[in-house]
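Q: So that we are looking at the same thing, I have put the structure below in structure tokens.
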Amino acid sequence: MIKAIVFDFDGIILDTESCEYNVLQKIYKEHGAELPLEVWGECIGTHSDFFDAHEYLEKQIGKKLDRDTIKQQRLDIFQELIKDKGPMPGVVEYLEAAQHLGLKIGLASSSSYKWVSNHLKNLGIFDYFECIKTSDDVEKVKPDPALFSEAVKCLDVKPEEAVAFEDSANGAKAAKKAGLHTVIIPNMVTRHLTFEEYDLRLESLAELKLNEMIVEFSSK
């Protein structure tokens, strides 16, 4: 019996990842460089320290750049791109359906609580979540299973009683290691990655109604 659903945040609830990649591509192009999608994709879903985009750019162009200037430019462009974006397709419908079905709703993200909570509040969906676990709560983020393990513990359900929604290979690996049913919804920057283990792959959450998914997983 499925009793809970656990969302990733970046790329599942809000399309921050394609925005961030487009921002970096714009900055790289201004300096005559390029950030390959396969390079950027490897760091999706894990700690931000995994990949230093500034250092990678400097190595490509062979000279030092002012880190503070690039950081501010990156932030300004990102905020402009993200300001009018709403939740990803199907997200609000899943949240509403989960409440109607009496399912517990959690979130497990490798980003910080401040980042996640601010965006959720701006989107008007913060109150749907009974439990939010972020990089502030664990020593190791995805692909380590700790975030999902902490989320299901917080929701007071067994891992096999929960379904995780992930867009990255690192996230899917973490969810499966933690023992959750795992649904992947790859996006523009993650669909080329190799996903080792998962239970269901969708183009978007709008593709399948939550109650139909729950019936499918509950019968396994």
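Q: Over all Cα pairs of the chain, how is the pair count split among 10 Å bins, expressed in % and running from 0 up to the last occupied bin?
A: Once binned at 10 Å, the Cα pair distances of the chain give 8, 34, 35, 16, 6, 1.
Q: Next question, about the same structure. Report the accessible area of Val92, computed with a 1.4 Å probe over the heavy atoms of all protein chains in place, in Å² rounded to the nearest 10.
A: In the full protein context, Val92 sits at about 50 Å².
Q: Mind giving me the FRET efficiency for Gln79 and Glu160? R0 is 30 Å, r the Cβ-Cβ distance, nearest 0.05 is fine.
A: Efficiency at R0 = 30 Å is approximately 0.15.
Q: Then there is this: Give the accessible area for Glu207 in Å² (nearest 10); use a 1.4 Å probe, count only protein heavy atoms, and leave out ligands, DNA and RNA.
A: Glu207 has an accessible surface of roughly 110 Å² with all protein chains in place.
Q: Which order do you get for Met1, Met213, Met188, Met88 if you rank them by accessible area with a 1.4 Å probe, largest at the top?
A: The ranking, largest first, comes out as Met1, Met188, Met88, Met213.
Q: May I pose another question? Cross-link partners among lysines for Lys158, C-alpha distance below 20 Å, same-chain residues fewer than 8 apart left out?
A: Those lysines meeting the cut-off are Lys3, Lys104, Lys133, Lys142, Lys173, Lys176, Lys177, Lys220.
Q: Among the lysines, select those whose C-alpha is under 21 Å from the C-alpha of Lys29, and discard any that sit fewer than 8 residues away in the same chain.
A: Lys59, Lys63, Lys64, Lys71
Q: In square angstrom, rounded to the nearest 10, how much accessible surface does Val215 have for a 1.4 Å probe?
A: Approximately 100 Å² for this residue.
Q: Next question, about the same structure. Test of understanding: what is the full-extension gain from Asn122 to Glu93, defined as 0.36 nm times their sequence separation minus their Cα-Cα distance? Display every interim value, and only then the final one.
A: Details: separation 29, 0.36 × 29 = 10.44 nm, distance 1.74 nm.
Working it through step by step, the gained length comes to 8.7 nm.
Q: For Glu166, Glu38, give the ranking by accessible area with the largest first, probe 1.4 Å.
A: Correct descending sequence by accessible area is Glu38, Glu166.
Q: Report the relative contact order of region 132-182, percent, no decimals, based on alpha-carbon pairs under 8 angstrom and at least 6 residues apart.
A: This gives 39 percent for region 132-182.
Q: Assuming 0.36 nm per residue, please report the length gained on full extension of the stretch Lys114 to Asp68 beyond their Cα-Cα distance.
A: 14.5 nm
Q: With all protein chains present and a 1.4 Å probe, how do Tyr56, Tyr113 order by accessible area, largest first?
A: Descending order: Tyr113, Tyr56.
Q: Using a Förster distance of 25 angstrom, determine the FRET efficiency expected from the C-beta separation of Glu212 and Ser18, and round it to 0.05.
A: 0.35
Q: How much length is gained if the chain between Ser219 and Glu139 is pulled fully straight, taking 0.36 nm per residue apart and subtracting their Cα-Cα distance, in nm to one decimal?
A: 25.3 nm
Q: Let me ask something else. Where both residues lie in the chain, what percent of DSSP beta bridges are antiparallel, nearest 5?
A: Numbers: 0 of 18 bridges.
Bridges in the chain are about 0 percent antiparallel.
The values are calculated or read from the model by the stated rules, or taken from the named source; none is laboratory data. Computed from a predicted model, the values in this text were never measured in an experiment. Cβ sites come from the backbone with ideal geometry, for glycine too, and all protein chains shown count toward neighbours. The area values use the complete protein model at the heavy-atom level, side chains included, leaving out ligands, DNA and RNA. Shrake-Rupley method; radii C 1.70, N 1.55, O 1.52, S 1.80 Å.
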